[in-house]
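All of the numbers you see were taken from the coordinates with simple rules; none came from a lab. These figures come from a predicted structure and were not determined experimentally. Neighbour counts run over all protein chains shown; Cβ positions are idealised from the backbone, glycine included.
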Amino acid sequence: MIATAAAVAFVVISCKGRESEAKPLNLAEVPYQVVDGMNVIQSKNGLLQMRILSDRMERYSCDTLDWELFPGGLEVFAYNEEGLLESTLRSDNARHDTDPKTKKEVWMAFGNVKITNIIKQETIETDTLYWDKAKGEIFNECYVRLYSPDGFIQGYGLRSDDRARNSIILKPFNNFFVVVQDTTKVSVDTTNLIGPLPQKSK
């Protein structure tokens with residue numbers, strides 16, 4: 001009986017000792033919401049405007065900032081006024097910050113960032129990209145490569161609308177490669193192409 005009481009007392013003292021040594025939880029380091037297989041759709045007047053896909057989204061919050069992390073990468077599909085897929089963005093990682101007071105948003109994509117304007121057949125490759133949603137602009141100050149049917153150009157700094165319709169490299173290198181094209185070549189947007197409906201066999 002005495003041995004049992006001593007054992008219980010030891011367990012209680014041990015547990016109390018462990019509780020006193022526990023470190024306080026930092027809520028800014030722990031996501032309060034986690035979404036696996038995220039698929040967000042934005043539409044207007046029945047027309048699709050944008051789709052955002054990610055394997056994982058983690059949402060955090062503190063007094064001065066709310067933010068979301070996308071550690072599994074991010075894919076964005078933007079559609080034009082006719083509902084056709086116009087541009088895509090892919091990156092290895094991404095982050096979305098929101099000021100809880102002003103509601104100002106900043107999107108950041110980083111790690112093998114690739115933006116493609118399907119209609120213009122232009123591709124931009126860079127390491128880091130920022131998106132100002134309120135202004136409808138994408139920009140950075142780092143190394144950029146731009147591929148288009150007219151040629152290839154590289155440099156530092158990018159400014160464009162968020163559909164990548166008018167992309168400008170701020171500090172291009174002196175070299176510019178022009179691709180000589182066949183004037184009889186026909187360009188087809190296979191992404192948005194809707195072919196003839198298959199006929200039923202009789």
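Once you list every other residue whose beta carbon is under 14 Å from the beta carbon of Pro100, what net charge do they have if Lys and Arg are +1 and Asp and Glu are -1? Summing Lys and Arg as +1 and Asp and Glu as -1 gives -2.
Take the Cα pairs of region 29-178, get the Kirkwood Rh, then feed it into Stokes-Einstein at 10 °C and 1.306 mPa s and tell me D in µm²/s. Estimated via Stokes-Einstein, D reaches 98 µm²/s.
At most 11 other Cβ atoms within 10 Å and a DSSP loop assignment: could you name the trypsin sites (Lys or Arg not before Pro) in region 118-147 that fit? Answer in residue order: Lys135.
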